[in-house]
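To start, the structure under review is shown below, and the notes come after it.
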Amino acid sequence: MPSYLGLDGFRSGWVAAWIDWRGDHGFDYAPGLARLLAMPHKRAMVDMPIGLKMTGYRVCDLRARELVGATVFLGARRDLWTFADMAAANRHYWQQGDKGVSCQLWNIRDKIRELDVVMTPDRQKTIGEAHPELIFWNLAGSRKLDRKASATGREQRIRLLERCGFVKLRKWLTQRHGTGIGRDDLIDACACAIAARDSIRCLDGEDPDPRGLRMEINY
């Protein structure tokens, strides 16, 4: 039975959740991405940018922001990890007449690079980019949920995932302590697994990046 993978990065590594059509599901984590992507799967979705511009903002990010707001980070660029610090990066972009990057995006630059290293146009046939908040928006019937940091928002997301088959999620959230996996990281990985299994929609709107990778967000 083919599995569907959802992956999200956390401070010291990556977490992966998987589910199959029978409802069997589990999660795993590792310092690097390669071992998790080597797990047998029919399709995978990663909560990290795939397809990177050299300048400006990606159309898919701007379209996603229109739907779910500032939880979508802007400014994913191919050279972001080459700068010594965020101030140097933003000085460079501003001097070029470009837009700066946020602290949130800067903090995941190494994860973006790690994913970019393993991605190819051929691998993108089965490994795609997703955004958990778009997935939850879609699962909730095109409705924004409460903030995920709130107790109400967290409960809304867990219930949606339980309805989709992740009935062990509450137990997993008590088992993650000592792993470094954040509560939201595990929840978001499960959402990405649901997108890997079920999604048929995506936000796109521009040509592939210089490496031929599509810039699109699946949900």
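The values are calculated or read from the model by the stated rules, or taken from the named source; none is laboratory data. Here the structure is a predicted model, which means the values were calculated and not measured. Glycine also receives a Cβ, built like all others from the backbone with ideal geometry; neighbour counts cover every protein chain displayed.
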- Item | Residue selected from the stretch 102-138 under the condition in a loop (DSSP other than H, G, I, E, B) and in contact with a Phe, Trp or Tyr (Cβ under 7 Å, 6 or more places away or on another chain), by the criterion modelled with the highest pLDDT | 131
- Item | Evaluation of residue 70 against (1) free of Cβ contacts under 8 Å to residues at least 12 places away in the same chain; (2) farther than 20 Å from residue 137 by Cβ (one fails), failing number | (2)
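One line per residue, one yes/no per condition, for (1) in contact (Cβ under 8 Å) with a residue 60 or more places away in the chain; (2) more than 19 Å from residue 8 (Cβ to Cβ):
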| position | (1), (2) |
| --- | --- |
| 28 | no, no |
| 41 | yes, no |
| 54 | yes, yes |
| 75 | no, yes |
| 92 | no, yes |
| 100 | no, yes |
| 104 | no, no |
- Message: Residues that are surrounded by 24 or more Cβ atoms within 10 Å (Cβ to Cβ) and not hydroxyl-bearing (Ser, Thr, Tyr), at least 3 per element: which strands (runs of 3 or more DSSP E) completely within the stretch 1-58 meet that?
- Response: 3-10, 13-20, 43-46
- Message: When you check residue 199 against the structure, is it touching a strand residue (DSSP E or B) at 6+ places or on another chain (Cβ under 8 Å) and either surrounded by 14 or more Cβ atoms within 10 Å (Cβ to Cβ) or small (Gly, Ala, Ser) (or both), yes or no?
- Response: yes
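Of everything in the stretch 147-164 that's part of a loop (DSSP other than H, G, I, E, B) and touching an Asp or Glu at 6+ places or on another chain (Cβ under 9 Å), which residue is farthest from residue 186 (Cα to Cα)?
The first filter runs over the stretch 147-164 and keeps only residues part of a loop (DSSP other than H, G, I, E, B), leaving 147-150, 164.
Remaining after also requiring touching an Asp or Glu at 6+ places or on another chain (Cβ under 9 Å): 148-149, 164.
Values: 148: 13, 149: 14, 164: 15 Å.
That would be 164.
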- Of those in the stretch 131-177 that are aromatic (Phe, Trp, Tyr) and within 19 Å of residue 26 (Cβ to Cβ), the residue surrounded by the fewest Cβ atoms within 10 Å (Cβ to Cβ) is 172
